[in-house]
Structures are given as C-alpha cells and as structure tokens.
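Enquirer: Following this message is one structure expressed as structure tokens.
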Amino acid sequence: MSENLREILWLLTVAMLVAMASRRLRLPYTLGLVFVGAILAISRIDVGSTLSSELILDFILPPLLFEAALALRWRDLRRGLAPILTLAIFGTMLATAAVAAGLVYLLHWPAAAALVFGALISATDPVAIIAMFRDHNFRGRLSLLVEAESLFNDGAAAVLFALALGWAQAGEHAPTAAETAMTLVYIVAGGVGVGAATGAAAILLSRGTSEHLVELTLSTIAAFASFLAAERLHVSGVLATVTAGLIMGNFGIFSPEERSFLSRRGREAIAHFWEFAAFLANSVIFLLIGANVALAPYDDYGPRLIAAVILLVLVSRALAVYPLSFFLRATGHPLSLPEQHVLWWGGLRGALGLALALSLPSSFLWRDEVVVVTFAVVAFSLIVQGLTMPLLLRKLGFLT
C-alpha cells in the first residue's frame, strides 16, 4: 500500500512541476508531460505505474469522458449535431476502412489485423488542442466541433473495434451481416441505455438532498458505474459514460436554478471537482504515454513501416474530413475550409487507441505489431501535430 502511495505521489509531483513549467514556457502541459515522461524513461528513471489497458479503461477514461460530456450543452450540441455525428460516425467508418485497405494492399497485412488496427487508431483524442483552446479562452463553433466530434468519435471507434476484434477471432465462424448489425445495435443502444439509466438515477436521487457532497458523490458513481456496468454487459462503456455526463450536465449544471435537479453548491462542486479529476487523469496518462512511447521497440519493425503507417493514418483522417465536409454543404451545415484543416490536423490519437491496442489478447497473432505502430502514431500526433497546431490556428486566424 505504501509503495502504491509513493508511486502516486511521485507521478503527481512530476506532473505538477511540468504543469507549472509548461505554463511559463507557453507550452501545452500535456505535451510537456509527454516530453518529460520520455526523458525519464530514456534516463532509466522509474515513473512508477505501468501503462495498461486496465489503468486507462478503469481509471483514466471515465473521468475524461464524463468531464467533457458534462461541459456540453444540449442547445450548442443540437446546432452542430449534423457535422458532429457525420464526422464521428461516417468519418470513423471511412477512416477505419481506409487504414485497413492501405495496410492490406500496400503493406500486406492480414485483413483481420488491418481491420482491428484501423478501428482502434480511428479514435481521436485532441486533449492537447482542447487544453490550448481553454488556455486562450477560445470558445465557439470550432471548439465545440473538435471536442464533441472526438467524444462521439471515441464511441464509434470503440464499437467498431469490438466488432472487428470479434470478427477477427471468429475464424471460420464469422458472423453474418445480419448478426453483425444486431450486435452493433446492441452495443450502441445498450451503451446509451446504461448511461441514460445511470445518469437519470443519479440526477433523480440528487433531488432528495441539498447536500453538495452527496450530489458530488452521486456524480462520481454515475461516471464510473456507467462505464463499468456497460463493460460488464458487453456494450459500449464510452457511450454510457458520455450519455451519463450529458444528462447530469444538462439537467443539473446548465439548467436554470429554479429547474435544476442540483443545488447551487452542488453544481459548483461538481463542475470544479470534475475539472480537477480530468486534470489529474490527463497528468497521469500523458506522463505514462511519454515513458512508454520512448521505450517502444520501433527498431524491430523498421522506420519505413512506422512512417508508412503514420502517413496512412493522416491520409485516412483527411478522407474522413474533407469529402464528408463537401457533402455537409447540402445539409445547410457547411464547414469552412479552415475548420476542415483544424479538424484534420487536430485529430490527435491518444488514450483510447492505446487502451484498445493494449487490450488485445496475447492470442492475437499481430498484437505486438499493432501495439508498436499504435505507440508510433500516438507519439507523432501528440508531438508533431500537437506542437504545430498553434501555428496552424494562428495562420488560419483562429488565434492571435
């Protein structure tokens, strides 16, 4: 127990020092954490906890997803729903198909491994970009598009990953199209249903009390219980937690005081607590990502493969953004070309993609290759895309 406590205190101490230094250097603290984690790993300094799918899925993702969903207002979401859902659903499917096809026909991967990797790497995680938006007090349509699209994109990617892995492991007993469609409906509807039930239960129970600490505890239960219950039922934990967060945010945090299910102190406590929880989760995950990225055995697979996969992922994201944006013009919800550029280059990869890659069973023949190239793509997106995004945003006139 004391060893675990020391590891936690060490991680938090490093993370806080990096956060303060990043602020002085005007560098997104998430990128600062990646750099420091990599330096510590290369220097053979133990950062403590090991990055694993269990750590990410059980402790990191729920607070990140819940906090992001908690901050989304229905009215804002409705205004941007057409482009958000188009990019999150059809864009994720297009990106998955493009990556899988490229791996099969250009790099000669087996179809099963290519489809699994295509699904997991299509999960975007633009945390560094959103943190930069908040640092510059940047709000509006583009900020909403980036954040909301990544939330729903994560849900779509996790569902596609589950279907792809199930198909890859089925062998000769691969499910039919009808069975796949039924499984898809079950995973999506089940995740939304679990999240709605959990969020509604928490918000209704909050009506019976005006004690802000009880309301805060109920929100904590909703965040983690929705994810864990959904995973236990083999439905989408990501969609469950996002749905629970949307319900608690819009029926509690953003409701007028006379109609809110939460007390005034409860709303303030929940908003501040989840901002803090997301900050801690980001601090831990990006520090560990940096440490693990630095030590991944890239040499075993060669720089050409790594470069080819990174390029393929960038092309797949472009295919998901630009053609769909063209079709959105006919719906009355057009995306400007500068917004499309930000959505493309700002589609960073991060925690969810790594969690899905690390969750692959040891019996999956191409597991090692998938894990290594996932680390490579995440490292490129966080460091290269993350560092150059401020320049792009200034060039396009979004930041001054």
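Enquirer: For the chain, what is the relative contact order in percent, using Cα pairs closer than 8 Å and at least 6 residues apart in sequence? Intermediate results must be reported in sequence, preceding the final value.
Expert: On the way: 590 pairs, mean separation 114.2, N = 400.
Answer for the chain is 29 percent.
Enquirer: With every protein chain kept in place and ligands, DNA and RNA left out, what is the accessible area per residue of the chain? Probe 1.4 Å, answer in Å². Write out the running numbers ahead of the final one.
Expert: Details: 18230 Å² over 400 residues.
Normalised by residue count, the accessible surface of the chain is 46 Å².
Enquirer: Roughly speaking, to the nearest percent, how much of the chain's 1.4 Å accessible area is carbon and sulfur?
Expert: Numbers: 12000 of 18230 Å².
Roughly 66 percent of what the probe reaches on the chain is carbon or sulfur.
Enquirer: Then there's this: So what's the gap between the Cα centers of region 18-33 and region 143-208, to the nearest angstrom?
Expert: The two parts, judged by their Cα centres, are 34 Å apart.
Enquirer: Which whole-angstrom value gives the distance between the alpha carbon centres of region 212-238 and region 287-326?
Expert: 32 Å
Enquirer: Another question, then. What fraction, in whole percent, of alpha-carbon pairs in region 236-358 exceed 23 Å separation? Mind showing how you got there, number by number?
Expert: Values: 4454 of 7503 pairs.
Looking at region 236-358, the distances longer than 23 Å represent 59 percent of pairs.
Enquirer: I'd like to know how region 312-387 sits against the 2.2 N^0.38 Å rule of thumb: what's its Cα Rg over that expected value? Intermediate values should be presented prior to the final figure.
Expert: Details: Rg = 15.6 Å, N = 76, 2.2 N^0.38 = 11.4 Å.
Against the compact-globule rule of thumb, the ratio is 1.36.
Enquirer: With +1 on each Lys and Arg Cβ and -1 on each Asp and Glu Cβ, and nothing else charged, work out how big the dipole of the chain is about its Cα centre, in Debye to the nearest 20. Intermediate results must be reported in sequence, preceding the final value.
Expert: On the way: 25 positive and 26 negative charges, 268 e Å.
Here the chain has a charge dipole of around 1280 debye.
Enquirer: Cα convex hull of region 1-118: how many Å³ per residue?
Expert: Working: hull volume 23.4 nm³, N = 118.
Hull volume over Cα atoms, normalised by residue count, gives 199 Å³.
Enquirer: OK, next. Counting other Cβ atoms within 10 Å of each Cβ, which trypsin sites (Lys or Arg not before Pro) in region 96-167 have at most 14 and sit in a DSSP loop?
Expert: Working: sites: Arg134, Arg139, Arg141; in loops: Arg139.
When the trypsin sites (Lys or Arg not before Pro) of region 96-167 are filtered for loop state and at most 14 Cβ neighbours within 10 Å, Arg139 remain.
Enquirer: Choose one answer from Phe286, Phe35, Phe326: the residue with the largest mean-square fluctuation in a GNM of the chain with alpha-carbon springs under 10 Å.
Expert: Phe326
Enquirer: Could I ask something else about it? With +1 on each Lys and Arg Cβ and -1 on each Asp and Glu Cβ, how big is the dipole of region 48-188 about its Cα centre, in debye rounded to the nearest 20?
Expert: Working: 7 positive and 11 negative charges, 132 e Å.
Dipole magnitude for region 48-188 comes out near 640 debye.
Enquirer: Report the GluC sites (Glu not before Pro) located in region 210-314 that are in a DSSP loop and have at most 15 other Cβ atoms inside 10 Å of their Cβ, or state none.
Expert: Working: sites: Glu211, Glu215, Glu231, Glu257, Glu258, Glu268, Glu275; in loops: Glu211, Glu257, Glu258.
Hits after loop and neighbour filter: Glu211, Glu257, Glu258.
Enquirer: Using a 10 angstrom cutoff on alpha carbons, build the Gaussian network for the chain and name the most mobile of Ala19, Ala222, Ala88.
Expert: Checking each option, the largest mean-square fluctuation is seen for Ala19.
Enquirer: Averaged over every viewing direction, what's the projected area of the C-alpha convex hull for the chain? Give it in nm², one decimal, please.
Expert: Values: hull surface 82.3 nm².
Projected over every direction and averaged, the Cα hull of the chain covers 20.6 nm².
Enquirer: Follow-up. Pick from Pro63, Pro175, Pro83: which is most flexible by mean-square fluctuation in a GNM of the chain where alpha carbon atoms under 10 Å apart are linked?
Expert: Judging by the Gaussian network model, the answer is Pro175.
Enquirer: Helix-derived [θ] at 222 nm for the chain: sum -39500 (n - 2.57) over DSSP H runs of at least 4, divide by residue count, nearest 500? Write out the running numbers ahead of the final one.
Expert: Numbers: 18 runs with 285 residues, N = 400.
Rounded to the nearest 500, the figure is -23500 deg cm²/dmol.
The values are calculated or read from the model by the stated rules, or taken from the named source; none is laboratory data. As the structure is a computational prediction, the values presented were derived from the model and not from experiment. Backbone-built Cβ (ideal geometry, glycine too); neighbour counts: all protein chains shown. Side chains are part of the model used for accessible areas, which takes the heavy atoms of the whole protein and leaves out ligands, DNA and RNA. Shrake-Rupley method; radii C 1.70, N 1.55, O 1.52, S 1.80 Å.
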